[in-house]
Amino acid sequence: MSLPESNLAELALSIKRWGVELGFAEIRITDIDLSHAEAGLRAWLDAGMHGEMDYMAAHGMLRARPAELVPGTVRVISARMNYLPREAESGGEVDGAEDWRGRELRRLADPGAAVISVYARGRDYHKVLRARLQQLADKVKAEIGEFGYRVFTDSAPLMELPLAEKAGLGWRGKHTLLLSRTAGSMFFMGEFLVDLPLPVDPPTGAHCGQCSACIDVCPTQAILGPGRLDARRCVSYLTIELKSAIPLDMRPLIGNRVYGCDDCQTACPWNKFAQRAVLPDFDERHGLGDASMVELFAWSEEEFNRKMEGSPIRRIGHERWLRNLAVGLGNAAAAGARGDAAIVAALTARREHPSALVREHVEWALACHAEGPATGV
């Protein structure tokens, strides 16, 4: 489709306005040239840092070539949507409410608490963002007629972070996540690939300075240096992407993080500006922000599937859910709850589980509690 330049500029402004009306925090536009990112992607894959995420290597350089993914693409509309649950305060204490980062640190220090990444406590972001991006596409279509496009939310071989950085949504922090001066990093991103030569937005500069808080706090030292992440050591990879047994040397480092990890984000000074979600979809469900590991470990497969319906957590399945919780329950021993009666009873109840993966992690956890003085009895 061919539109006059003035019409394209006006359309770009309308797209940004419609995006905000649909719940996005910000919309920016960039071209599709990611040639600068290819060398880093190739080196990361060659080093095997993607671990068992075979799809990363399978798609190779396609991730850096949007026009090969969707022929005809000339622009990428990059969108971000805040996900910090609406009941969580973004910075400091407001009306006596605890700062969200303080709450997360308190949970990490509680040996019985099940720490689940903030983003995963509500509805599956894939469905929410994809539906909203489609609504945005429908608005464009109503305005100009048929045009070529596709919408994505972490659902295609696309380097969304370099695209978002190039579009000016923020900069890549030393932990490799995108950072915004006005919103930290607690947001999701989605892309809208179009064949319209819309005017592009300028990138923003980097503002991490000499700070190394994210590198220093990483429990498994997965951040090897600024912008260098070994996914094989990342707690999010170990508890979500890894399908096999969690390596023995990694288990004690995971602590009570049973699905994902927010440590690098919690430590980041820019997240004092994290913004709460405007959509109810990201509100915490089933008490996941306050649940204990013993409570969640008791869920049957039927309960897990029913309660996690519409949640990103459901994708790992009940077996890996139990695997992760067993590791957390085992780590409770070194965190001051060795021999705790409720924990030992919960683990013992799963000792004969049909899954060899679950049984192996349960035995490891029970062994953690077998030494030293008992508590909670």
Beyond 24 Å, how much of the Cα-Cα pair distribution for region 72-221 remains, as a whole percent? 45 percent
Lone Cys, the chain, Cβ cut-off 4.7 Å -> Cys208, Cys211, Cys218, Cys234, Cys261, Cys268, Cys368
As I understand it, the value is the acute angle between the Cα axis of helix 356-369 and the longest principal axis of the Cα atoms of the chain; what does it come to in degrees, rounded to 10? 60 degrees
Quick one: helix 317-331 against the long Cα principal axis of the chain, what's the angle to the nearest 10°, folded into 0 to 90? 60 degrees
With θ taken as phi - 60° and the coefficients 6.51, -1.76 and 1.60, list the Karplus ³J(HN,Hα) couplings across region 349-354 in order, rounded to whole Hz; mark glycine and proline as x. 5, 9, 4, 9, 4, x
Derived scalar couplings ³J(HN,Hα) [region 15-32; Karplus, 6.51 cos²θ - 1.76 cosθ + 1.60; whole Hz; x for Gly, Pro]: 4, 5, 5, 4, x, 5, 4, 8, x, 6, 7, 6, 10, 9, 10, 9, 7, 10
For region 1-146, divide the Cα radius of gyration by the Kirkwood radius and give the resulting Rg/Rh value with two decimals. 1.06
So which of Lys174/Lys243; Lys127/Lys272; Lys141/Lys272; Lys139/Lys307; Lys141/Lys307 end up more than 30 Å apart, counting from Cα to Cα? Lys141/Lys272; Lys139/Lys307; Lys141/Lys307
Tell me, what are the semi-axes, in whole angstrom and largest first, of the equivalent ellipsoid of the chain as set by the roots of 5 times the Cα gyration tensor eigenvalues? 40, 21, 20
Estimate the FRET efficiency between Glu303 and Ala9 by the formula 1/(1 + (r/R0)^6), using the beta-carbon distance for r and 56 Å for R0, to the nearest 0.05. 0.60
Cα extents of region 159-265 along the principal axes, largest first, in whole Å, come to 51, 33, 20
If R0 is 22 Å, what FRET efficiency do you get for Arg276 and Arg106 from their C-beta distance, rounded to 0.05? 0.70
Tell me, what HN-Hα J-couplings in whole Hz come from the Karplus equation 6.51 cos²θ - 1.76 cosθ + 1.60 at θ = phi - 60° for each residue of region 167-183, using x for Gly and Pro? 6, x, 6, x, 10, 6, x, 5, 8, 5, 7, 7, 10, 10, 5, 9, 9
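Calculate for the chain the 222 nm mean residue ellipticity that helices alone would give, adding -39,500 (n - 2.57) per DSSP H run of length 4 or more and normalising by residue count, nearest 500 deg cm²/dmol.
Rounded to the nearest 500, it is -10500 deg cm²/dmol.
None of the figures in this text is laboratory data; all of them are computed from the coordinates on show. Predicted model, so just to flag it, every value in this text is computed and none were measured. A quick note on method: Cβ atoms are made from the backbone with ideal geometry, for glycine too, and the neighbour counts reach across all protein chains shown.
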